[in-house]
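**Q** Take a look at this one; I'll ask things after.
Bear in mind these aren't lab numbers, they're just calculated from the coordinates by the rules spelled out. Just so it is clear, the model here is predicted, and its values are computed rather than measured. Here the Cβ positions follow ideal geometry from the backbone for every residue, glycine too, while neighbour counts run over all protein chains shown.
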Amino acid sequence: MRILKIRLRNVKSYGDDGVEIEFADGVNFLSGENGAGKSTLIEAIGYALYNVSPCRIEDLVRRGAKSGSIVIWIDDEGERFRVERKFGSSSSWIVYDAGDVALHERQDDVLRFFCERFRVADPEQLKNVFEHIVGVAQGTYTAVFKMSPSNRKTIFDGITNVRF
């Protein structure tokens, strides 16, 4: 699964005009000053694709705005999708196909869709993929290795079949 583009509106430091970023094939590098919004991009990916939010949803919405939105365009082995996650005063989580037809509009269906795409058993393992592989919080990269063997096994067993 490859993220082609992401658009944020009224998400933390990104205002009503928002930001839209296209990603190149291969590795992409985010850089900027402190407070520029790099972490917000990673958090937005976590919320829109993995249902993981590092903060209260109210704190994702830019101060003074009533709602925010994250839109991510994805290519998964030739299939194209768009994911829209709105939150705040109006909330929704919808997966569209390349022809703008809504495929999944209920949270359970969207979660099942992403579990299938990432080849994990359930939403808890989806969360583990994000927290321990994709969006590892600064300073916690080795934390999973310090867990008890049984907790570490639970996490790794659930994420070893993930395709990137």
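**Q** For R62, which sequence-distant residues (separation of 5 or more, or a different chain) have an amide H within less than 5 Å of its own amide H, given hydrogens modelled in the peptide plane?
**A** The answer is V11, K12.
**Q** With unit charges on the beta carbons (Lys and Arg positive, Asp and Glu negative) and the dipole taken about the Cα centre of the chain, which residue among F81, I3, T154 sits farthest to the positive side?
**A** T154
**Q** Around D76, what is the net charge, scoring Lys/Arg as +1 and Asp/Glu as -1 over all other residues with Cβ under 9 Å from its Cβ? Before the final figure, lay out each step's value.
**A** Numbers: positive: R2, R80, R117; negative: D75, E77, E79.
Residues close to D76 contribute a combined charge of 0.
**Q** Sticking with this structure for a sec: Give me a comma-separated list of calculated 3J(HN,Hα) values for segment 133-140, in order, Karplus coefficients 6.51, -1.76, 1.60 applied at θ = phi - 60°, integers in Hz, x for any Gly or Pro.
**A** Going residue by residue, I get 10, 7, x, 4, 5, 3, x, 10 Hz, with x marking Gly and Pro.
**Q** In Å and whole numbers, how far do the C-alpha atoms of segment 87-164 stretch along each principal axis, longest first?
**A** 44, 28, 19
**Q** Here's another thing I want to ask about it. So what is the calculated 222 nm ellipticity per residue for the chain, using -39500 (n - 2.57) for each DSSP H run with n of 4 or more, over all residues, to the nearest 500 deg cm²/dmol?
**A** Values: 5 runs with 47 residues, N = 164.
Value at 222 nm, helices only, nearest 500: -8000 deg cm²/dmol.
**Q** Over the C-alpha atoms of segment 38-132, what are the Rg and the largest Cα-to-Cα span, Dmax, in Å?
**A** Both quantities, over Cα of segment 38-132: 13.2, 40 Å.
**Q** Also, I was wondering about something else. Please list, in order along segment 97-103, the HN-Hα scalar couplings obtained from phi with the Karplus expression 6.51 cos²θ - 1.76 cosθ + 1.60 (θ = phi - 60°), rounded to whole Hz, x for Gly and Pro.
**A** So the J values, rounded to whole Hz, are 7, 5, x, 6, 8, 5, 8.
**Q** Hey, what does the equivalent ellipsoid look like for segment 72-122, semi-axes from the Cα gyration tensor as sqrt of 5 times each eigenvalue, largest first, whole Å?
**A** Numbers: eigenvalues 66, 45, 15 Å².
Semi-axes (√(5λ), whole Å): 18, 15, 9.
**Q** Using a Gaussian network model on the chain with a 10 Å cutoff between Cα atoms, which of N51, N128, N34 fluctuates the most?
**A** N34
**Q** On a 21 Å Cα-Cα criterion, which of the cross-link pairs K38/K146; K127/K153; K12/K146; K66/K127; K5/K66 come out too long? Present the calculation step by step, with values, prior to reporting the outcome.
**A** Details: K38/K146 27 Å; K127/K153 15 Å; K12/K146 32 Å; K66/K127 27 Å; K5/K66 24 Å.
Where the Cα-Cα span goes over 21 Å, the pairs concerned are K38/K146; K12/K146; K66/K127; K5/K66.
**Q** Around G37, what is the net charge, scoring Lys/Arg as +1 and Asp/Glu as -1 over all other residues with Cβ under 15 Å from its Cβ? If you can, show how the numbers build up before the last one.
**A** Values: positive: R7, R9, K12, K38, R62, R63; negative: D16, D17, E20, E33, E43, D59.
Net charge around G37: 0.
**Q** Of the residues F29, F114, F130, which exhibits the maximal mean-square fluctuation in a Gaussian network model of the chain defined by a 10 Å Cα contact cut-off?
**A** Greatest mean-square fluctuation among the candidates belongs to F29.
**Q** If amide hydrogens are placed 1.01 Å from N in the peptide plane, which non-local residues have theirs closer than 5 Å to the one on H104?
**A** So H104 has HN proximity to V95.
**Q** Same structure again: Taking the Cα centre as origin and putting +1 on Lys and Arg beta-carbons and -1 on Asp and Glu beta-carbons, what dipole magnitude results for segment 1-148, to the nearest 20 debye?
**A** Numbers: 20 positive and 23 negative charges, 100 e Å.
With only Lys, Arg, Asp and Glu charged at Cβ, the dipole is about 480 debye.
**Q** With a bin width of 5 angstrom, please list the P(r) values of the chain as percents of all Cα-Cα pairs, from the 0 bin to the one holding the largest distance.
**A** 1, 8, 17, 21, 21, 16, 10, 5, 1, 0
**Q** Okay, moving on. Give the residues of segment 39-83 whose amide nitrogen is closer than 15 Å to a point set 7 Å from the Cα of Q138 in the direction of its Cβ.
**A** 39-43
**Q** I've got another one for you. Residue by residue through segment 10-17, which ³J(HN,Hα) values in whole Hz follow from phi under the Karplus form 6.51 cos²θ - 1.76 cosθ + 1.60 (θ = phi - 60°), with glycine and proline marked x?
**A** Result, ordered by residue: 6, 10, 6, 7, 8, x, 5, 5 Hz.
**Q** A further question follows. Looking at segment 1-48, what % of the alpha carbon pairs are farther apart than 14 Å? Intermediate values should be presented prior to the final figure.
**A** Working: 592 of 1128 pairs.
Roughly 52 percent, once rounded to a whole number.
**Q** Is there a quick way to get the dipole size of segment 21-77? I mean about its Cα centre, with the Cβ of Lys and Arg at +1 and of Asp and Glu at -1; what is the value in debye to the nearest 20?
**A** Its charge dipole is roughly 500 debye.
**Q** Toward the positive end of the charge dipole of the chain, about the Cα centre and with charges on Cβ (Lys, Arg +1; Asp, Glu -1), which of G68, S91, Y141 goes farthest?
**A** Among G68, S91, Y141, the one farthest towards the positive end of the dipole of the chain is Y141.
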